[in-house]
């Protein structure tokens, strides 16, 4: 599960809207235990590959809040891309509705912004944190066995990725630490 910090994302790209003070879903990317990259997914059922808005219509209000398209295209375009690029990789376990429900469920279980804030980690102008402090805060609140993958752009916090087992219920160690150095800049 990849959750992005919109202010960092938008500093590096043109954004139409920046949601305030929350990590938002970037994607739910099925993978194996050795890599966070999705395997090339091929399904024999072409209906599973096609994103159908009607299958998530009951979730649309929640998805608009938690999984917005920051690039200026419609949210639906982003969701379609994520399903077609990643969701179909899990189509042997989840249909499209279940995939988006699972992403919403994972996102709502733990508010990463609040977890970090409770541990004295908050965004600020030119404020940086030891990456171990960020990881330990997440581990303390979610599970001590969790090892989140943290991604940066120009040493600035961009994404926190949490790895889960196939069911999406149990948090596990991510196979790699991410691309940040020892110190992470987190700006509002």
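The values are calculated or read from the model by the stated rules, or taken from the named source; none is laboratory data. Note that the structure is predicted; figures quoted are calculated from it, not measured. Because the Cβ atoms are built from the backbone with ideal geometry, glycine has one as well, and the counts that use them run over all protein chains shown.
One table, with the values for the structure above:
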{"read-out": "Positions within segment 137-152 being surrounded by 14 or more Cβ atoms within 10 Å (Cβ to Cβ) and out of contact with any strand residue (DSSP E or B) (no Cβ under 6 Å at 6 or more places or on another chain), in sequence order", "value": "137, 138, 139, 141"}
{"read-out": "Residues that are closer than 23 Å to residue 105 by Cβ and outside any loop (DSSP other than H, G, I, E, B), drawn from segment 10-28", "value": "24, 25, 26, 27"}
{"read-out": "Within segment 110-123, tally of residues that are under 17 Å from the mean Cα position of the chain (by Cα) and in contact (Cβ under 8 Å) with a residue 12 or more places away in the chain", "value": "6"}
{"read-out": "Single unsatisfied condition, residue 180 versus (1) more than 16 Å from residue 27 (Cα to Cα); (2) buried (at least 16 other Cβ atoms within 10 Å of the Cβ); (3) within 16 Å of the chain's Cα centre (by Cα)", "value": "(3)"}
{"read-out": "Matching residues, segment 170-188, being over 19 Å from residue 101 (Cβ atoms) and outside any loop (DSSP other than H, G, I, E, B)", "value": "172, 173, 178, 183, 184, 185"}
{"read-out": "Selection from segment 95-118 of residues that are farther than 16 Å from residue 21 by Cβ and surrounded by fewer than 21 Cβ atoms within 10 Å (Cβ to Cβ)", "value": "95, 97, 98, 101, 102, 104, 105, 106, 109"}
{"read-out": "Listing of helices (runs of 4 or more DSSP H) fully contained in segment 70-169 that carry 2 or more residues being modelled with pLDDT under 95", "value": "75-85"}
{"read-out": "Search result, residues across segment 39-57 that are surrounded by 12 or more Cβ atoms within 10 Å (Cβ to Cβ), out of contact with any helix residue (DSSP H, G or I) (no Cβ under 6 Å at 6 or more places or on another chain) and modelled with pLDDT of 85 or more", "value": "52"}
